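> Once you've had a glance at the structure underneath, I'll fire off some questions.
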Amino acid sequence: MKAAEKYRRVFGSISHLKDQIPWTTGLSNMVEFLVWEPQRVLGISKKQYVNQIIEWATSPELKDKSLEEIQKEVNKKLNQKMSESEQLETYSTQTTGICNAREAVRRVKFFSEDYLNKEFDIFLSLCSDSYLNLFYAQFINFDQSGSWSTHGNSGIFEYSTELNAMFMDNLSYNHEANILIANELKLNGKKNADQILKYCLMYEYLSEIGFIDKDAKFLLLFIGGSVLKEDKQSLVDQEIAMCQRKPEKYQHLLRPELLEVVTHLEVASITWQSLIEFNNHYLNDNEICQVEQKLLQGFDQSLQSKSFMHL
């Protein structure tokens, strides 16, 4: 049985992006993130961690020692390493090395883009349709009707679509308005060299397998520390030129059919600070329930605590 079949059998699946996923799935996605990337908890990769323990346990000074004595010495070395790597300043840039639980949480909470992605998944899944309509209307025209469904980069999305050519951050889809928004999140990093073309590949694939309707409007929205400084065509031309320099690796991104999707795509960007400002205006200008008020205020507070806001 393939991995995708095993996953669907245990956790279920979706057959269309209009399918609603409960916000609590965001919590299991957070767990997936941690179990698939144990270095976020250990401080180093699992292989490195195992090799370090073996190196300590088989060192010459422990030869002929009892199991209990070996365990005691290894634990001593482990505690020493964790003590050395622990940082007592929130935004200390030291984020490598074997660490204890407190230091692991500091690293992911304030420095991890993947962790921010999971927070954003939960946030977006709880936002009202009214909020999403107003937020996305800043960047693209669409019929502000129907309801939104959102999907993070999770096992449910990956194994339902069996899309393994790329990893997206978050998708918002409005079936009635026939529009797909790809939210690409950055802490303070730059756009990847082939990112627009890869998102076009994803759009083409989702359309072919019937997960979105044909001719859906498509917006790629970058949310990060700064806005894009060039227009879509300039960015696409740069990506095509890069792919043409390595045709063996990127031929699948140079197909004429895919370049037709590029003409259909719209690209926009916004900073996290501007998102916070939008949330403040939304809170001040609209009568909203207490739950959504807490949702927006809480997400803003989390964004303001991220390292890139302070370094």
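> Give me the pairs, please: first residue somewhere in the stretch 202-215 and closer than 20 Å to residue 252 by Cβ and touching a residue at least 60 places away in the same chain (Cβ under 8 Å), second residue anywhere and open to solvent by 60 Å² or more (accessible area, probe 1.4 Å) and in a loop (DSSP other than H, G, I, E, B), beta-carbon distance under 8 Å, and either six or more positions apart or on two chains.
Partner pairs satisfying both residue conditions: 211/15.
> Here's a follow-up. State all residues of the stretch 281-311 that are more than 24 Å from the chain's Cα centre (by Cα), within 22 Å of residue 224 (Cβ to Cβ) and open to solvent by 30 Å² or more (accessible area, probe 1.4 Å); if no residue qualifies, say none.
281, the sole residue that qualifies.
> Among the residues of the stretch 261-280, which ones are open to solvent by less than 40 Å² (accessible area, probe 1.4 Å), in a helix (DSSP H, G or I) and in contact (Cβ under 8 Å) with a residue 40 or more places away in the chain?
Residues satisfying the conditions are 261, 262, 272, 275, 278.
> Is the stretch 98-105 home to any residue that is basic (Lys, Arg) and in contact (Cβ under 8 Å) with a residue 60 or more places away in the chain?
Within the stretch 98-105, not a single residue is basic (Lys, Arg) and in contact (Cβ under 8 Å) with a residue 60 or more places away in the chain.
> Any chance the stretch 214-232 includes a residue that's in contact with a Gly (Cβ under 9 Å, 6 or more places away or on another chain), of a type outside the set (A, V, I, L, M, F, W, C), more than 25 Å from residue 149 (Cα to Cα) and open to solvent by 10 Å² or more (accessible area, probe 1.4 Å)?
Yes: the stretch 214-232 contains one or more residues that are in contact with a Gly (Cβ under 9 Å, 6 or more places away or on another chain), of a type outside the set (A, V, I, L, M, F, W, C), more than 25 Å from residue 149 (Cα to Cα) and open to solvent by 10 Å² or more (accessible area, probe 1.4 Å).
> While we're here: From the set of residues in the stretch 37-63 that are closer than 30 Å to residue 170 by Cβ and part of a loop (DSSP other than H, G, I, E, B), which is nearest to the chain's Cα centre (by Cα)?
Applying the filter and picking the extreme gives 37.
> For the stretch 1-20, which positions are assigned to a loop (DSSP other than H, G, I, E, B) and open to solvent by less than 40 Å² (accessible area, probe 1.4 Å)?
Within the stretch 1-20, 12, 14, 16, 17 meet the criteria.
> Here's another thing I want to ask about it. Pairs, please: C-beta under 7 Å, at least 6 apart or cross-chain, first residue within 10 Å of residue 267 (Cα to Cα) and in the stretch 217-241, second open to solvent by less than 30 Å² (accessible area, probe 1.4 Å) and acidic (Asp, Glu)?
Pairs found: 220/184; 221/184; 222/184.
> Here is a list: 27, 78, 34. Which entry is loosely packed, with under 14 Cβ neighbours inside 10 Å and either part of a helix (DSSP H, G or I) or over 20 Å from the mean Cα position of the chain (by Cα) (or both)?
Step by step, each of 27, 78, 34 is checked, and only 27 is loosely packed, with under 14 Cβ neighbours inside 10 Å and either part of a helix (DSSP H, G or I) or over 20 Å from the mean Cα position of the chain (by Cα) (or both).
> In this structure, is residue 206 surrounded by 14 or more Cβ atoms within 10 Å (Cβ to Cβ), of a type outside the set (Gly, Ala, Ser), in contact with a Cys (Cβ under 7 Å, 6 or more places away or on another chain) and modelled with pLDDT of 95 or more?
Working: surrounded by 14 or more Cβ atoms within 10 Å (Cβ to Cβ): yes; of a type outside the set (Gly, Ala, Ser): yes; in contact with a Cys (Cβ under 7 Å, 6 or more places away or on another chain): no; modelled with pLDDT of 95 or more: yes.
Against the criterion (surrounded by 14 or more Cβ atoms within 10 Å (Cβ to Cβ), of a type outside the set (Gly, Ala, Ser), in contact with a Cys (Cβ under 7 Å, 6 or more places away or on another chain) and modelled with pLDDT of 95 or more), residue 206 does not qualify.
> Among all residue pairs at least 6 apart or on different chains, which show Cβ distances below 9 Å where the first residue, located in the stretch 23-48, is in contact (Cβ under 8 Å) with a residue 24 or more places away in the chain and over 30 Å from residue 148 (Cβ atoms) and the second is among the basic types (Lys, Arg) and outside any loop (DSSP other than H, G, I, E, B)?
Going by the 9 Å Cβ cut-off, the qualifying pairs are 43/81; 43/107.
The values are calculated or read from the model by the stated rules, or taken from the named source; none is laboratory data. This structure is a prediction, so every number in the text was calculated from the model and none was measured. Cβ sites come from the backbone with ideal geometry, for glycine too, and all protein chains shown count toward neighbours. These area figures cover heavy atoms from the full protein model, side chains too; ligands, DNA and RNA do not enter into them. Shrake-Rupley method; radii C 1.70, N 1.55, O 1.52, S 1.80 Å.
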